[in-house]
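**Q** Take a look at this one; I'll ask things after.
The values are calculated or read from the model by the stated rules, or taken from the named source; none is laboratory data. Here the structure is a predicted model, which means the values were calculated and not measured. Counting neighbours? That spans all protein chains shown, and the Cβs are built from the backbone with ideal geometry, glycine included. Protein only, heavy atoms only, side chains kept; ligands, DNA and RNA dropped before computing areas. Shrake-Rupley method; radii C 1.70, N 1.55, O 1.52, S 1.80 Å.
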Amino acid sequence: METIYTSGEYLKTTQTWHAEDSPWKANQIIEIICNNHLQPKTIAEIGCGAGAIIDELSKKESLIGTQFSGYDISPQAIELAEQRASERIRFFREDLLSSTNTEHFDVLLVIDVFEHIPDCMGFVEKCRAKADYKIFHIPLDIHVSSVLRNAFIGGWYTLGHLHYFTADSAIATLKETGHEIVDYFYTNAAFGLFKQHPSIKRAIAKGPRWLFFKFSLRFTARVFGGYSLLVLAK
């Protein structure tokens with residue numbers, strides 16, 4: 001599966017490496033940083049893709065003095081990311097978790113990444129040593145609707161998702177790999193990214209999600225999907 005990211009196949013499938021979603025994702029990240037009063041001097045992102053998330057974060061007033069580093073194994077991703085490089089933003093085509101890399105950061109971003117990794121648990125465990133704090137964004141692909149529709153195989157081939165999570169199994173994965181959970185909240189990708197990815201199917205699904213989340217967000221995520229989990233961990 002790793003070859004789809006280095007061969008150019010993933011860029012061909014996504015066209016933009018999901019860069020259009022980055023402003024929304026950056027807003028979720030800055031919220032959890034501010035809610036927990038973090039003042040990071042250095043932030044790195046593993047699996048940074050086109051680099052648009054850290055580019056957006058670099059514009060936030062509360063991070064104006066922060067230095068950013070983006071890491072990705074894909075030559076196509078880094079070629080796109082280099083267009084966003086600056087004095088405060090650097091990009092590296094290398095594996096941040098390799099045994100020869102000794103870099104350490106205040107915050108490590110792992111945004112929609114570890115569901116793509118064959119050795120998911122080993123990857124998440126290695127992330128512990130790379131920063132004081134880690135911020136994970138994890139799509140919650142397992143819900144009643146996705147099971148009934150057998151939606152997983154489509155995500156395997158189009159998105160490269162090898163592992164699927166509920167909120168509980170996502171948290172358990174982090175705890176079992178030695179992370180201490182500091183804070184977390186659900187992010188509503190179905191609503192937040194609808195303008196970037198409009199479709200009749202998504203428009204229909206918005207109705208039940210909007211109705212039920214008023215009563216229980218957790219129930220809505222479990223039954224109808226459309227949510228991810230943003231987690232701050234030590």
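**Q** Within segment 101-124, which residues are open to solvent by 50 Å² or more (accessible area, probe 1.4 Å) and either aliphatic (A, V, I, L, M) or touching an Asp or Glu at 6+ places or on another chain (Cβ under 9 Å) (or both)?
**A** HIS104, PRO118, MET121
**Q** Further, regarding this structure: Could you list, ordered by first residue, the pairs with Cβ atoms under 6 Å in which the first is in segment 20-32 and open to solvent by 20 Å² or more (accessible area, probe 1.4 Å) and the second is assigned to a helix (DSSP H, G or I), at least 6 apart or interchain?
**A** PRO23/GLU56; TRP24/GLY192; LYS25/ILE53
**Q** Out of curiosity, is ARG209 among the basic types (Lys, Arg), under 22 Å from HIS18 (Cα atoms) and either surrounded by 14 or more Cβ atoms within 10 Å (Cβ to Cβ) or modelled with pLDDT of 95 or more (or both)?
**A** Taking the combined requirement at face value, the residue does not satisfy it.
**Q** For the subset of segment 9-61 comprising residues that are at pLDDT 95 or above and of a type in the set (S, T, N, Q), which member is nearest to the chain's Cα centre (by Cα)?
**A** Of everything passing the filter in segment 9-61, GLN28 is nearest to the chain's Cα centre (by Cα).
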